[in-house]
Amino acid sequence: MSLLRVVYYSRQRVGRSRETITDQLADILQASIANNRQHGITGAMILDHRWVVQVLEGRTSAVTTAYQRIACDARHSDIVLADQTEIDERRFPYWWMAGAAIEPDMDELVRRWCGDSGFDPSRMAPRRLVDLTEAVVTAYMERTPMPVMRRAGAPVQPQA
Ligand SMILES: Cc1cc2nc3c(=O)[nH]c(=O)nc-3n(C[C@H](O)[C@H](O)[C@H](O)COP(=O)(O)O)c2cc1C
């Protein structure tokens, strides 16, 4: 069965301090994981003090419905749909939703993907947005495992 991948970016409205961003991210992830699990959606999101990038993957109807709901959330604004593509395989099959804050010491990683101008999703190709999201989430989880994202045992392969 073919799947849909949606990539969007937006302006985050959760706050600027590191603590607020981390707290809000945990809240968003908690609701996201519960809902996405029910609807077979997987994906990942990253945010810094200005931007959000999220990748949603799953059945077309499920992803479209979730995207429309997420787009109305006041915790972000100015949502831009960067890409929607039919895919054969999920890029994030292990996470109902993974999330990470881009932290100051990720400068080098961000520079690798974004160059010297820094993290600005509006200037990045969708494929690079997905690559950056994966890289940041991976780096973040290696050192800051969020209890809400932790999985016991083998990763679950969600149904297509
Ligand atoms: C940046 C961002 C990303 C979100 N991602 C998801 C998501 O992947 N899945 C989801 O169900 N809700 C997501 N939400 C939350 C939804 O906007 C909404 O609050 C939630 O789905 C409502 O769930 P509830 O009716 O179970 O409380 C996100 C919110 C924000 C601000």
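Just so it is clear, none of the values below were taken in a lab; they were calculated from the coordinates. Worth saying up front: this structure is predicted, and the values here are computed from it rather than measured. Note that we place each Cβ from the backbone using ideal geometry, even for glycine, and neighbour counts take in every protein chain shown.
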Efficiency of FRET from Cβ geometry, Glu19 and Arg127, R₀ 35 Å, rounded to 0.05: 0.60
Phi to ³J(HN,Hα) by Karplus 6.51 cos²θ - 1.76 cosθ + 1.60 over the range 76-88, Hz, x for Gly, Pro: 8, 8, 6, 6, 10, 7, 7, 6, 9, 9, 6, 10, 8
Cβ-Cβ FRET estimate between His49 and Glu86, R0 fixed at 41 Å, reported to 0.05: 0.75
Theoretical ellipticity at 222 nm over the chain - DSSP helices of four or more residues, -39500 (n - 2.57) apiece, nearest 500: -12500 deg cm²/dmol
Antiparallel content of DSSP bridges confined to the chain, in %, to 5: 85 percent
Unit charges on C-beta of K, R, D, E only; dipole of the range 1-155, Debye: 300 debye
Sequence-separation-based contact order of the chain, relative, with Cα cut under 8 Å and 6+ spacing, percent: 34 percent
